[in-house]
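As structure tokens, the structure follows; a few thoughts come after it.
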Protein chains: 2
Amino acid sequence: MGATKSDQFTKGQNDLASLAKALGHPARIAIIEYLLKVDSCICGDIVGVLPLAQPTVSQHLKELKNAGLIKGNIEGTAICYCIDEEGFEKIKSFFDHITVSLSKKKFDCC
Amino acid sequence: MGATKSDQFTKGQNDLASLAKALGHPARIAIIEYLLKVDSCICGDIVGVLPLAQPTVSQHLKELKNAGLIKGNIEGTAICYCIDEEGFEKIKSFFDHITVSLSKKKFDCC
DNA sequence: TTATTTTATCGTAATATTGCAATATATAAA
DNA sequence: TTTATATATTGCAATATTACGATAAAATAA
């Protein structure tokens, strides 16, 4: 035991959980916030911004990329990372759906 | 090492990460979807809906509750769980902020 | 009172995540 | 070519998560 029973849930549930999981670490939230703050998506200085060692940052970037939340291109000796709007669209539509449901129903019995 | 360096990040970053992390499991996504689907927030049959054992479901419910995404009241021999709108508001405002940022800037260089 | 029912907690095994030193890879500059 | 610079990968230790059987707790029903 111990492994998530992914095959027992729908693809939609697993996809959403993967996106949320990728955002479930303060370092990765910080990376996204930094990408939103800087004007360009060239961010060769991302390692210097975070309180973590270079391999650790590289790993977090990889996870965000795998989840479809950021995109990266080789740019000479540096890597150009930027927001992947597609991934964020998926999460946003989930929360928009929740907002609509909440406005229709009354969940104030608790 | 292996423990998350939470103290190196801001409270806002940690709070957001905690909320996202709580949604980072398909079973917890399934629980939220179920709560949105049923008309009432009385959900004594939540264990029967999920492909997991009762203690595991109880644990997932506890995590959602700790994260502030659901609320629970003792209701006789059953527990009444329902959506906690406050938690979802926090996440939604984060994604709304991202959407605004994305519409202002061009992240299409990658 | 003694069942019965429902949810929570404990204990533990299996697996996953986090973090970093060491090292590899790749491009640019000298 | 050699050197410098930047990012990726490997390997491993520390910690966290996931899942469930066993058991406890709490309220209702008989």
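Before moving on, here are some points about what is shown:
- Dipole magnitude (debye, nearest 20) for the protein assembly as shown, charges at Cβ of Lys, Arg, Asp, Glu: 160 debye
- Residue by residue along B:25-38, Cβ atoms of other protein chains within 10 Å of the local Cβ number 6 on average.
- Shape category assigned to the protein assembly as shown from the gyration tensor of Cα positions, a/c cut at 1.5: prolate
- Probe 1.4 Å, protein heavy atoms only - accessible area per residue of the protein assembly as shown in square angstrom: 54 Å²
- Counting Cβ atoms of other protein chains within 10 Å of each residue's Cβ and taking the mean over peptide A:3-13 gives 4.
- Paramagnetic reach from B:Ser93 (point 7 Å along Cα→Cβ, amide N under 15 Å) across segment A:5-37: none
- Each other copy places its own label point for B:Thr99 at 0.5 nm from this one, sorted shortest first, where the point lies 7 Å along the Cα-to-beta carbon line.
- Solvent-accessible area, 1.4 Å probe, carbon plus sulfur percent, for the protein assembly as shown: 52 percent
- Residue-averaged beta-carbon neighbours from other chains (10 angstrom radius) around B:50-57: 2
- Computed from the Cβ-Cβ distance with R0 of 41 Å, the FRET efficiency linking A:Val100 to A:Ala53 stands at 0.45.
- Largest GNM mean-square fluctuation among B:Ala27, B:Ala17, B:Ala78, using chain B with Cα springs under 10 Å: B:Ala78.
- When accessible surface is computed with a 1.4 Å probe, chains B and A are found to bury approximately 4600 Å² between them, both chains counted.
- Calculated [θ] (222 nm, deg cm²/dmol) that DSSP helices of n ≥ 4 give over the protein assembly as shown, each run adding -39,500 (n - 2.57): -17500 deg cm²/dmol
- Residue of A:Ala30, A:Ala53, A:Ala20 that the Gaussian network model of chain A assigns the largest fluctuation, springs spanning Cα pairs under 10 Å: A:Ala53
- Cα shape, segment A:12-97, gyration tensor, a/c 1.5 rule: prolate
- Which of A:His97, A:Leu19, A:Ile46, positive extreme of dipole for chain A (C-beta unit charges): A:His97
- Comparing each chain alone with all protein chains together (probe 1.4 Å, DNA, RNA and ligands left out), the residues of segment A:81-98 losing at least 30 Å² of accessible area are A:Cys82, A:Ile83, A:Glu85, A:Phe88, A:Lys92, A:Phe94, A:Phe95, A:Ile98.
The values are calculated or read from the model by the stated rules, or taken from the named source; none is laboratory data. These numbers come from a predicted model, not from an experiment. When we count neighbours, we look across all protein chains shown, and the Cβ atoms used for this are built from the backbone with ideal geometry, even at glycine. The area values use the complete protein model at the heavy-atom level, side chains included, leaving out ligands, DNA and RNA. Shrake-Rupley method; radii C 1.70, N 1.55, O 1.52, S 1.80 Å.
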